[in-house]
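The structure appears below as structure tokens.
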Amino acid sequence: MATMMKATVRNGRATAGGKVYNANHNTKAETRAQERHIDHDRTEQNINFQFTNEGQVRRCGSFDAKAFELARYEHLYGAGQKAKNDRYTQDGHPERCKTVADIYNSRRTAPLETIIQLGSRDTEIDPQARKDKLMRAAFELIDNLRNRWGENLHLLDLSIHLDEGVPHIHARMTFAALDKFGYLVPNQAQAFEAMGIQRPDPTAKEGKYNCPLITFSEAIRTEFYDLCEKQGIIIDREVKSPSQKHLSVLQYKCQKMDESLKALTAEKQQLEAVAAEQAQAIVAAKAEIEVVRAERDTLRDQNSVSRTIQEALSQPSRPIQAEYLPERKNLAGKVVEPEKVKLTREDFEQLREQATITNAIRNAWNSLQRYGKQLWAEVDRNARVQKAEERAARAEQQTREDARTIQRLTQRATAAEEQVREQEQFMKSQGIWSRFLQLIEERQWQRQEQVHHRIR
């Protein structure tokens, strides 16, 4: 069963503002890379063709179409334009002289661009099959144009675009005729006259909506429809809406521009909504960053405690010298003097400081563990905010460094505890442990008395 779909053929030279179409939009990868509506991953699938001065068709990749077309204009119309400039100069009107680039960029003599499209976004057909049918029908149309009007219609280049919503073809051409001096010059009106193409209503005055270009456009549109049907495609030629039956080319373009404007307006509203959400997210992220910074500063304060403990542990220690004094009993066997340990004041202070450091390490370790759990819980809650994640990552790195520091401190503390245990075992083995504890209590009492004395 044959497939039914729409087909379109549109012609134009310039935008509504009068700026001629940029040929590089069709052929140059760098130019297409700047277009927002293009699927850039598929741009390399596009196919370009050049129509050379020798009448050959050359397939090529990305190229500078403006430079190529200007060179074609120079080849086709350079001699005629030079002869015209010479006549202007001889007549005393050098201000009327123009370059080939001038006529190439003029709205009246710039290349005509024909866009050929088969189907729409909603067309249910295999993409490869649609591309093949489009290319066969379009190339047959191009060949027919060259064979029929090759003396007055000069094809420049052709581009098959597969990186947009619907596959389509851009064919660029120029119209020319011989002037009274026998030179080939770009002149669409004289070219159509030589081609036998009249305005739709020959009896009416020529105007925008009654000119040979409309007849030409309708002729190649009908021919393209016929060629598509040769490929097994039924073209829907019926205008669905009566109000559209007599739309002019300009009205059609205005309608499409209005549709594009509505789509762009909707897109703008969506972007504004996204921008508002992003602005709120940025405010929230900044707040989260401040929280993370505060937590980082607190962690640094905690780390300073660790460094203090580390510095204390780094202090060298010396061996403890203890003298054991056994208990004395009277003749009745009663203990009159308990066993004692005789230490120097420096040895006693060293043992006391080591015991104090061990307790401080335990307290610091527990505090850092608690804070670390709190910090990680807070960081996890804010992990979805990108900037907060970056700050949290820095805090995480700081935490890892602190963890390594704590590990080193723990190792030192373990060594200190081991040393204390060895000394404890030694004193117990010598029977002086209880006396050592008694001496510590006495020392604490003496310090309290000194404090009370200073207060009084």
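Computed from the coordinates by the stated procedures, all read-outs in this text should not be read as laboratory data. Predicted, not measured: the structure shown is a model, and the values here were computed from it. Note: ideal-geometry Cβ built from the backbone for every residue, glycine included; neighbour counts use all protein chains shown.
From a point 7 Å beyond the Cα of N105 in the direction of its Cβ, which residues of the range 4-38 have a backbone N at a distance under 18 Å? From the range 4-38, the list is 13-25. Remark: spin-label model distance E337-F139 equals 12.2 nm, labels positioned 7 Å along the Cα→Cβ axis.
Give, in nm to one decimal, the length gained when the segment between H75 and K230 is fully stretched (0.36 nm per residue of separation minus the Cα-Cα distance). Could the numbers behind the result be given before it?
Working: separation 155, 0.36 × 155 = 55.80 nm, distance 3.67 nm.
Answer, rounded to one decimal: 52.1 nm.
Loop-located chymotrypsin sites (Phe, Trp or Tyr not before Pro) in the range 157-207 (DSSP state other than H, G, I, E, B) with a sparse environment of at most 14 neighbouring Cβ atoms within 10 Å: F181.
The slack between R96 and E290, meaning 0.36 nm per residue of separation minus the straight C-alpha distance, is 62.9 nm.
The alpha carbons of the range 22-124 give a radius of gyration and a Dmax of 18.2, 64 Å, in that order.
At a Förster distance of 45 Å, what's the computed FRET efficiency of E44 paired with R370, Cβ-Cβ distance as r, to 0.05?
Numbers: r = 58 Å, r/R0 = 1.30.
So, using R0 = 45 Å, E works out to roughly 0.15.
Taking the DSSP beta bridges with both ends in the range 3-238, the antiparallel portion is around 90 percent. The label-point distance for R59 and Q280, in a model that sets each label 7 Å from Cα toward Cβ, rounds to 5.4 nm. Assuming charge only on the beta carbon of Lys and Arg (+1) and of Asp and Glu (-1), the dipole of the range 1-111 about its Cα centre is about 400 debye to the nearest 20. Between S120 and A16, the simple label model (points 7 Å from Cα in the Cβ direction) yields a spacing of 2.1 nm.
Greater than 18 Å separation of Cα atoms is the criterion. Which listed pairs, K340/K428; K6/K133; K66/K131, meet it? Those over the limit are K66/K131. When the GluC sites (Glu not before Pro) in the range 1-66 are filtered for DSSP coil states and for at most 10 other beta-carbon atoms within 10 Å of their beta-carbon, the remaining sites are E54. When each of the peptides 199-205, 75-81, 37-43 is scored by how many other beta carbons lie within 10 Å of its residues on average, the order from highest to lowest is 75-81, 37-43, 199-205. The ellipsoid equivalent to the alpha-carbon distribution of the range 3-238 has semi-axes of 32, 22, 16 angstrom, derived from the gyration tensor eigenvalues as √(5λ) and listed largest first. Along the range 32-37 the Karplus relation, 6.51 cos²θ - 1.76 cosθ + 1.60 evaluated at θ = phi - 60°, assigns HN-Hα couplings of 5, 5, 8, 7, 7, 7 Hz to successive residues, with x for each Gly and Pro.
Within the range 82-175, report the GluC sites (Glu not before Pro) that DSSP leaves as loop and that have at most 14 other Cβ atoms within 10 Å. Write down the numbers at each step before the final one.
Numbers: sites: E95, E113, E124, E140, E151, E164; in loops: E124, E151, E164.
Passing sites in the range 82-175 are E124, E151.
Name all residues of the range 56-80 having a backbone nitrogen under 19 Å from the label point set 7 Å from the Cα of E151 along its Cα→Cβ direction, giving them as ranges. 76-77, 80, by backbone N distance to the label point.
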